[in-house]
Amino acid sequence: MIDRGSIRAGSPAVEVVLDAVAAGIDAARPGTVLRDAVGVKDGGLTVGNAAYDLAAYDEVLFLGGGNAAGRVASHLPERLGPARSGGVVVTDDPVPVDGVDVVEGTHPVPSEPNREGTRRLLERARAADGDTLVVVAVTGGGSALLAAPVEGVTLADLRELTDVLVRSGAPIDRINAVRKHVSAVKGGRLARALTPATTVGVVFSDVTADDPSVVGSGPISPDPTSYDDALTVLSEYDVDAPESVTQHLERGAAGEVAETPAADDPAFDDVSVHVLANNATAVGAAREACADRGFEPLVLSSSVRGASQAAAVTHVAVAEEVRRRGDPVEPPAAILSGGETTVAVGKSGGTGGPNQEFALRAAVDLPARTVCCAVDTDGRDGPTDAAGAVVDPDTVDDRRSAREALAAHDVHGYLEERGALVRTGTTGTNVNDLRVLLVPE
């Protein structure tokens, strides 16, 4: 999975940290997760602790959107056997699935295939009736891949909005508050389209709080945000949104456009949502891999957020404490965390991503012989072909250039020149970021 040939050879700890990251990603893959969480036995579908009698429905429909939705489609529908009746999935990692229309879209910026695939998905959703059981896969990346802009907002406007929101440095829940309110599918609107069918959501969470209303912008979950909230995000993060977007949000705030459905909306009467995998899934597997190699694991959190560089400084400080005082664990130790940090690229035009920036900032101050790896579990860190980076104190051979790259949020080239980029290709999952910092004896 990890292309190790392009990574600069270093200490044995480099191989350990890469093995741990690979274990974390593997644990969050749909095949692994669904094997334990979903089953079909004696005519019943079980998802987590819930059970559904397949004999009670005339058809079973499969819908989905997100980075991992294609892989879920390749594992889940086959378990339903003859009971299933096809479906539509929009993903950037397509896998052929008999009877399911798998549409290859783009991420993180939506394109025409995204919109066309989402149109087909909505058509199937609206055709469902009370005798239909609908299984909906919602995974990270769904916000971009399920692209159905409201009337008056063009695809070009949606692309521009996506770009400026991602570059704003706003956290994902704030970004998605805006995207929900310019979409015909997000913010619970897919659930409304599916009424009166019975809907079962299987979620692979890529957000820190595992809130289904944020994952993929919550297409089948109640929306706690409003048009006013969306306008506040644009103001608070100085987002220069397309005029059509601003006008639509202002009309919504004025009550001229219907609000997204809230928790008391009857659209959710027959909807159940199950979070099957999250960041803790990946962190836990990486933790076990480190322990197996003799490193005492210390999990800081699976919900780290905020600015990437600030988070990196904090992680290095913990490593320093471990090295100097053996507190809170003694070396050899593995410091692990997950979550989603952000980079406010703005209009600087820099190239890189939150994990690459985290890694380089950590490398500037890493204690001797330590190794740090930070990746996005979907295999793409920002708008680059790298999942993240692996660094040690020798990665920074020019501190001035490193600090200039960090200040410009333009770290990709610096890391690539030093053989520090980690490339995995598309991983088939997305449960947010994973970081492992090793402190050998």
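The values are calculated or read from the model by the stated rules, or taken from the named source; none is laboratory data. Quick caveat, the model's predicted, so the values are computed rather than measured. Positions of Cβ are backbone-derived with ideal geometry, glycine not excepted, and every protein chain shown enters the neighbour counts. The protein model used for the area step is the full one, side chains on, heavy atoms only, and it has no ligands, DNA or RNA in it. Shrake-Rupley method; radii C 1.70, N 1.55, O 1.52, S 1.80 Å.
At a glance:
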| read-out | value |
| --- | --- |
| When the chain is reduced to its Cα atoms, the Kirkwood hydrodynamic radius in Å | 22.1 Å |
| Three semi-axes of the equivalent ellipsoid, segment 1-155, Cα gyration tensor, whole Å, largest first | 32, 23, 11 |
| Leu366 long-range amide H proximity, modeled H, under 5 Å | none |
| Local electrostatic count at Phe268 - Lys and Arg +1, Asp and Glu -1, tallied over other residues with Cβ under 11 Å | -4 |
| Separation between Cα centres of segment 314-334 and segment 270-294, rounded to whole Å | 23 Å |
| Of Gly152, Gly338, Gly87, the one that fluctuates the most in a GNM where the chain has Cα springs shorter than 10 Å | Gly152 |
| Computed magnitude of the charge dipole of the chain (debye, nearest 20; Cβ of K, R +1, Cβ of D, E -1) | 620 debye |
| Cα long-axis angle, helix 155-167 against the chain (0 to 90 degrees, to the nearest 10) | 30 degrees |
| Derived scalar couplings ³J(HN,Hα) [segment 303-309; Karplus, 6.51 cos²θ - 1.76 cosθ + 1.60; whole Hz; x for Gly, Pro] | 10, 5, 8, x, 5, 4, 5 |
| Per residue, in Å², the accessible surface of the chain once ligands and nucleic acids are set aside, probe 1.4 Å | 38 Å² |
| Net charge contributed by nearby residues that have their C-beta within less than 9 Å of Thr377 (K/R +1, D/E -1) | -4 |
| Under-5 Å amide H pairs with Ser183, H placed in peptide plane, nonlocal only | Val150 |
| Rounded tilt (10° steps) of 112-127 against the dominant C-alpha axis of the chain | 40 degrees |
| Unit charges on C-beta of K, R, D, E only; dipole of segment 358-432, Debye | 160 debye |
| Amide H within-cut-off set for Leu298, under 5 Å, with H built and near neighbours excluded | Ala334, Ile335, Leu336 |
| Relative contact order of segment 21-123, pairs being alpha-carbon contacts under 8 Å that are 6 or more residues apart, as % | 19 percent |
| Fluctuation leader among Asp26, Asp376, Asp292 - the chain, Gaussian network, Cα springs under 10 angstrom | Asp292 |
| Between 0 and 90°, nearest 10: helix 279-292 axis offset from the chain longest Cα axis | 40 degrees |
| Choice from Leu366, Leu336, Leu231 showing the highest fluctuation, given a GNM over the chain with Cα pairs closer than 10 Å | Leu231 |
| For segment 348-411 and segment 137-192, distance of Cα centres in Å | 28 Å |
